[in-house]
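Scroll down for the structure; my scribbles are underneath it.
Since every read-out is calculated from the coordinates, none of them should be taken as a lab result. On a predicted model such as this, the values are computed, not experimentally measured, just so you know. Note: ideal-geometry Cβ built from the backbone for every residue, glycine included; neighbour counts use all protein chains shown.
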Amino acid sequence: MAPFPKADIYQPATICFGETAQLHALINIGTVYSWTNADSLNNAGNGYINSVPFDIDATAKQARSTNYVLTIKNDGCPSTLKDTFHVEVIPKFTVEIGRDTSIVVGQPLQLMAHSTDKLNNSFTWQPVINIDNAEIYDPVLIFHEPV
């Protein structure tokens, strides 16, 4: 009986919307492999392992978090090795700060920002000149001289 398939799997890092993730595996024992969601991978290979060790360096570009399952078989072994790559994608978000506004020198103006990112609502306003707190979504701005 042939030995059980064996591979070293390297998990990708979390990526931002629009970026790519490397799915890397080093197959030490096996003759063929396949991917789930292979249509969204670049460099996924043809499924045949010509010699071992065999490197796979596929690239995933996803708009949302996705699992990719790599299945490895070894001819003569009835069992398969399955391992999952989880690509975590930080979703695209937008920030709205409202319309342009006229200001009066010396009068406070409340700024207001809204983000579509519900998980991370941290803000940094720049430049920080004339702002009471540059790290909140609704700071107060006062210009002491004309701009």
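Subtracting the Cα-Cα distance of Gln11 and Asp55 from 0.36 nm times their residue separation leaves 14.4 nm of extension gain. Straight-line reach from Lys6: which lysines have a Cα under 30 Å away, not including same-chain ones fewer than 8 places off? Those lysines meeting the cut-off are Lys61, Lys73, Lys82. Under the convention that each Lys and Arg Cβ holds +1 and each Asp and Glu Cβ holds -1, the size of the dipole of the stretch 6-90 around its Cα centre is about 160 debye.
Under the simplified labelling scheme, the Thr80-Asn67 pair shows an inter-label distance of 1.5 nm, with each label point 7 Å from Cα along Cα→Cβ. Assuming charge only on the beta carbon of Lys and Arg (+1) and of Asp and Glu (-1), the dipole of the chain about its Cα centre is about 560 debye to the nearest 20. Of all DSSP beta bridges confined to the stretch 1-143, the antiparallel ones make up roughly 95%. On the basis of the beta-carbon distance and an R0 of 35 Å, Thr20 and Val147 show a calculated FRET efficiency of 0.25.
Longest stretch of the chain clear of exposed loop sites (chymotrypsin sites (Phe, Trp or Tyr not before Pro), DSSP loop, at most 14 other Cβ atoms within 10 Å, sites excluded): 18-92. How many angstrom separate the Cα center of the stretch 15-33 from the Cα center of the stretch 70-147? Their Cα centres are 29 Å away from one another. Ignoring the sites themselves, the chain has its longest run without trypsin sites (Lys or Arg not before Pro) in a DSSP loop having at most 10 other Cβ atoms within 10 Å at 1-63. The length gained on full extension between Asn133 and Ser34, counted as 0.36 nm times the residue separation minus their Cα-Cα distance, comes to 30.3 nm.
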